[in-house]
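The values are calculated or read from the model by the stated rules, or taken from the named source; none is laboratory data. As the structure is a computational prediction, the values presented were derived from the model and not from experiment. Because the Cβ atoms are built from the backbone with ideal geometry, glycine has one as well, and the counts that use them run over all protein chains shown. The protein model used for the area step is the full one, side chains on, heavy atoms only, and it has no ligands, DNA or RNA in it. Shrake-Rupley method; radii C 1.70, N 1.55, O 1.52, S 1.80 Å.
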Amino acid sequence: MQLRYNYRAYPDAAQCRALAKAFGCARVVWNDCLRDRKQAHAAGLPYVKSAELSRMRITQAKRTAERSWLADVSAVVLQQSLRDLDTAYKNFFDSLSGKRKGRKVGPPRYKSKKDTRQSIRLNTNAFSLQGDGTVYVAKVGNLAVKWSRRLPAAPTSLAVTRDSCGRYFLSFVVDTEPDILRELETDTGIDLGLSAFAVLSDGRKIDSPRFLRRAEKKLKRLQRELSRKAKGSKSRADARIKVARQHAKVANRRRDFHHKASTKIIRDNQAVYVEDLAVSALSRTRLAKSVHDAGWSAFVGMLEYKAVKHGRTFAKVDRAFPSSQLCSVCGLRDGPKPLRVREWACGECGAVHDRDHNAASNVLLEGRRIVAAGRAETQNASWSAGKAKTKVPAQRVEAGSLREGRTAQSGISGLQAREHVKKQTRFGTGS
């Protein structure tokens with residue numbers, strides 16, 4: 001499986017200029033190739049192949065006066081930009097044909113130098129890890145890196161990114177073997193909410209930190225200061241960076257919270273079941289700010305890939321499942337209830353339920369039913385349900401924190417671990 005590891009980089013002034021030039025050249029190649037394909041489509045001509053675009057917009061363009069500066073950056077950066085455009089077109093075409101599941105993917109768009117995120121992607125021909133702890137990037141130099149953790153294996157690709165507040169990050173993609181944890185007898189259902197971030201079927205509640213709400217006062221003040229600055233002035237640029245840094249702090253705190261909570265849940269349970277919420281629909285209601293502040297989609301994504309990584313079972317319960325309408329004791333369905341009803345009594349068996357705890361218990365029962373019925377590979381379940389060794393794309397954010405010490409290891413190492421994973425895959429069990 002593939003994991004992504006992010007590290008903060010600290011380039012000097014000359015390296016910042018070199019990276020800015022690389023970002024710009026990659027953007028120009030992307031836009032030139034995208035323009036050629038759009039014009040060919042508008043004229044009714046065949047789809048322009050990548051080989052022809054590479055020859056015209058990279059090789060020949062370097063020899064012209066208008067694009068001679070493309071030779072100042074690594075050729076790998078330019079080729080990877082064209083490959084990224086090919087991937088974007090493939091995702092768009094697969095989405096149109098129905099081959100790609102999930103939300104519809106739009107066609108590629110032009111990039112701007114004013115985009116909040118600038119990045120380049122490199123393969124192993126254009127970067128290397130140095131013995132002094134720096135990372136060599138072709139035609140940029142040795143970048144100083146803050147190594148917050150050790151890479152588990154040699155990286156296969158590198159993305160250099162500059163975010164909206166001027167920070168630089170190195171994102172390595174690493175191929176690793178699944179780290180199978182010791183098997184447990186416990187499983188849990190999770191009900192996600194706003195008053196409490198998550199309620200587990202065993203009664204535990206994870207409080208909602210509300211990072212954005214807590215930072216709103218400072219964000220409002222910084223935004224007012226930004227609105228008063230003259231457009232195009234240096235003071236406005238400085239004020240914009242202050243706002244971006246505050247938003248980055250909120251995002252970092254939320255991501256750290258998600259990683260810690262998801263890691264604990266995966267380590268404590270052999271199977272995890274969660275409701276597949278319609279986040280995009282909820283984000284169009286009056287609760288939009290609170291929904292985005294909670295970050296349910298990112299949290300569920302972390303549960304999903306960590307379940308694959310550690311050999312746990314993970315299943316999504318369909319969003320149409322009436323988890324808040326059913327009695328978890330007798331199964332009576334007595335209709336929908338307004339959100340103000342936080343506790344109710346079953347009219348059949350008389351059991352008194354906490355709304356969130358009852359919903360989590362129903363999610364647990366439905367998740368068990370899905371796995372027992374052999375539907376672990378349907379759209380309601382993760383790839384990890386029934387498969388411990390599955391190829392998973394690298395996550396966009398950093399992988400979870402390393403464990404302290406070796407006490408939580410599964411006790412299977414080296415060749416035995418690989419044989420254990422193969423046996424699980426052969427018999428189709430994730431537990």
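Based on the reciprocal of the average 1/r between different C-alpha atoms, the Kirkwood radius for the stretch 292-348 equals 14.2 Å.
Here the 3J(HN,Hα) profile of the stretch 102-109, calculated from phi with Karplus coefficients 6.51, -1.76 and 1.60 at θ = phi - 60°, is x, 5, 5, 9, x, x, x, 10 Hz, Gly and Pro shown as x.
Computed from backbone phi, the HN-Hα couplings of the stretch 137-149 come to 10, 4, 6, 10, x, 8, 8, 6, 10, 8, 7, 7, 7 Hz, rounded to whole numbers (Karplus: 6.51 cos²θ - 1.76 cosθ + 1.60, θ = phi - 60°; Gly and Pro given as x).
Less than 5 angstrom separates the built amide H of Ser201 from those of Gly189, all sequence-distant by 5 or more or on a different chain. In a DSSP loop and with at most 15 other Cβ atoms within 10 Å, the chymotrypsin sites (Phe, Trp or Tyr not before Pro) in the stretch 60-167 are Tyr110, Trp147. Think of the stretch 63-177 as having a plus end and a minus end, set by charges on the Cβ of Lys, Arg, Asp and Glu; of Val76, Leu96, Ile120, Leu96 sits farthest toward the positive end of this dipole. Within the accessible area of the chain, what % is carbon and sulfur when the probe is 1.4 Å and the other protein chains stay in place? Here it works out to 51 percent.
Within the shell defined by Cβ-Cβ distances under 11 Å, the residues around Arg319 carry a net charge of -2, with Lys and Arg each +1 and Asp and Glu each -1.
Projecting the Cα atoms of Phe321, Ala14, Val291 onto the dipole axis of the chain, where Lys and Arg carry +1 and Asp and Glu carry -1 at the beta carbon, places Ala14 farthest toward the positive end. Start at zero, step by 20 Å, and the Cα-Cα distances of the chain spread as 21, 50, 27, 3, 0 percent across the bins. When shorter helices are ignored and each DSSP H run of at least 4 residues is given -39500 (n - 2.57), the per-residue value for the chain at 222 nm works out to -13000 deg cm²/dmol.
Quick one: dipole size for the stretch 29-80, taken about the Cα centre, charges +1 on Lys/Arg Cβ and -1 on Asp/Glu Cβ, in debye to the nearest 20.
Computed charge dipole of the stretch 29-80: roughly 100 debye.
Could you pull out the chymotrypsin sites (Phe, Trp or Tyr not before Pro) across the stretch 1-45 that fall in loop regions by DSSP (anything but H, G, I, E, B) with no more than 14 other Cβ atoms inside 10 Å?
Values: sites: Tyr5, Tyr7, Phe23, Trp30; in loops: none.
When the chymotrypsin sites (Phe, Trp or Tyr not before Pro) of the stretch 1-45 are filtered for loop state and at most 14 Cβ neighbours within 10 Å, nothing remains.
Here the scattering of the stretch 137-185 is modelled by Debye summation over its C-alpha atoms, one equal scatterer each and no solvent; at q = 0.15, 0.30 Å⁻¹ the log10 of I(q)/I(0) is -0.58, -1.31.
Scanning the chain for GluC sites (Glu not before Pro) lying in DSSP loops with no more than 16 further Cβ atoms inside 10 Å, the longest uninterrupted stretch between such sites is 186-347.
Treat every Asp and Glu Cβ in the chain as -1 and every Lys and Arg Cβ as +1, leave all other atoms uncharged, and give the resulting dipole magnitude about the Cα centre to the nearest 20 debye. Walk me through the numbers on the way to the answer.
Values: 85 positive and 41 negative charges, 455 e Å.
Rounded to the nearest 20 debye, it is 2180 debye.
Each DSSP beta bridge with both residues in the chain is either parallel or antiparallel, and the antiparallel ones are about 80%.
Please identify every one of the trypsin sites (Lys or Arg not before Pro) in the stretch 141-175 that sits in a loop by DSSP and has no more than 16 other beta carbons within 10 Å of its own beta carbon.
On the way: sites: Lys146, Arg149, Arg150, Arg162, Arg167; in loops: Arg149, Arg150, Arg167.
Counting only loop positions with at most 16 other Cβ atoms within 10 Å, the trypsin sites (Lys or Arg not before Pro) in the stretch 141-175 are Arg149, Arg150, Arg167.
Between Asp202 and Arg340, what's the calculated FRET efficiency when r is the beta-carbon distance and R0 is 22 Å? Round to 0.05. Please list the in-between numbers first.
Working: r = 26 Å, r/R0 = 1.16.
E(calc), rounded to 0.05, equals 0.30.
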